1. Condition first: more than 22 Å from Ala16 (Cα to Cα) and either in contact with a Cys (Cβ under 6 Å, 6 or more places away or on another chain) or among the hydroxyl-bearing types (Ser, Thr, Tyr) (or both). Now tell me which residues in the stretch 167-199 satisfy that.
2. I want to confirm something. Restricting to the stretch 45-67 and keeping residues that are in a loop (DSSP other than H, G, I, E, B) and among the polar types (S, T, N, Q), which single residue is nearest to the chain's Cα centre (by Cα)?
3. Being free of Cβ contacts under 8 Å to residues at least 40 places away in the same chain and part of a helix (DSSP H, G or I) is the filter here; which residues of the stretch 68-88 pass it?
4. If I ask for residues that are in a loop (DSSP other than H, G, I, E, B) and surrounded by fewer than 16 Cβ atoms within 10 Å (Cβ to Cβ), which ones from the stretch 32-44 would you list?
5. For the stretch 195-219, give me each residue that is under 25 Å from Ile70 (Cβ atoms), in contact with a Leu (Cβ under 9 Å, 6 or more places away or on another chain) and either of a type in the set (D, E, K, R) or assigned to a helix (DSSP H, G or I) (or both).
6. Against the conditions (1) under 16 Å from Gly32 (Cα atoms); (2) part of a helix (DSSP H, G or I), where does Met173 fall short? Just the number, please.
7. Exactly one condition in (1) surrounded by 18 or more Cβ atoms within 10 Å (Cβ to Cβ); (2) modelled with pLDDT under 95; (3) of a type outside the set (Ser, Thr, Tyr) is not met by Gly47; state its number.
8. Residue pairs, Cβ under 9 Å, 6 or more apart or interchain, first in the stretch 34-48 and farther than 21 Å from Ser184 by Cβ and of a type in the set (Asp, Glu), second crowded, with 17+ Cβ neighbours inside 10 Å and modelled with pLDDT under 95. List them.
Amino acid sequence: MENKFNLTREKNVFVAKRNIVDYIWKSANLEGIGVTYPETQAIYDGGVVNGLTVDKIIAINNLKYAWQFILENEVIDYDFKLLSHLHKLTCDKLVLDQNLGRLRTTPVNIGGTSWKPQFPIESQIKEELERLLNQPEKTKTEIAIEVMLWIMRRQMFIDGNKRVGMLFANKIMIDNGCGIITISQENQLTFFEKLIKFYESGDNNDLKQWIYETSIDGIDL
């Protein structure tokens, strides 16, 4: 799985900033936060949007702050500390303070399947993440997609796992000039169908290839 794009970090950041509202809008809807693109733009710009719940407005602002963190911080370790920090940024004021950045201690149900994720144990999470990140035979693009899907399936946090997974993956992508992972609105139904199959089987090959073919944004220089 070759890198689709080979940009400098500076150019990749430029691409991300140019389309940042679109990425936030798509990411929010992927997590079931129903907002329109104009509403997302207005919230991003600090405007007042009537008719939206407070939680939706907070969620969009949180994604804005998380993206700003990704783009403004170049040198950072891809570790459990980063996972926790991204969860704090994306779920601030949306989950109880004691759950921010911390592994869940209660069971969760996944819509559309009877499959249930195992309880997360910090030592295991750290080992699994390190193993995924250290695959010298694979490109950064493939590693980023695998890490993203692992975070989504692991369901280590009480909420926001898809947002955290995509943000973490895009931190890897952008730092290495590989483009941006983003699931378009028209592809979200297919994504969820494949995601459920991945949850149940643990086999990421089909979904990983589909994301690679349909869901990486960038520019050719």
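1. Residues satisfying the conditions are Thr190, Tyr199.
2. Within the stretch 45-67, the first condition is being in a loop (DSSP other than H, G, I, E, B), and the residues that meet it are 45-53.
After this cut, where a residue has to be among the polar types (S, T, N, Q) as well, the list is 50, 53.
Details: Asn50: 27, Thr53: 23 Å.
Among residues in the stretch 45-67 that are in a loop (DSSP other than H, G, I, E, B) and among the polar types (S, T, N, Q), the one nearest to the chain's Cα centre (by Cα) is Thr53.
3. If we filter the stretch 68-88 for residues that are free of Cβ contacts under 8 Å to residues at least 40 places away in the same chain, which is where we start, we get 68-69, 72-73, 75, 77, 81, 84-85, 88.
Selection gives Gln68, Phe69, Glu72, Lys81, Ser84, His85, Lys88.
4. Of the residues in the stretch 32-44, the ones in a loop (DSSP other than H, G, I, E, B) are 32-36.
If the condition is that a residue be in a loop (DSSP other than H, G, I, E, B) and surrounded by fewer than 16 Cβ atoms within 10 Å (Cβ to Cβ), then Gly32, Gly34, Thr36 are the ones that fit.
5. The answer is Leu195, Phe198, Leu207, Lys208, Ile211.
6. (1)
7. Tallying (1) surrounded by 18 or more Cβ atoms within 10 Å (Cβ to Cβ); (2) modelled with pLDDT under 95; (3) of a type outside the set (Ser, Thr, Tyr), Gly47 fails exactly one: (1).
8. Final answer for the pair search is none.
The values are calculated or read from the model by the stated rules, or taken from the named source; none is laboratory data. Quantities reported herein were computed from a predicted structural model and do not represent experimental measurements. Don't worry about glycine lacking a Cβ; one is built from the backbone with ideal geometry, like all the others, and counts go over all protein chains shown.
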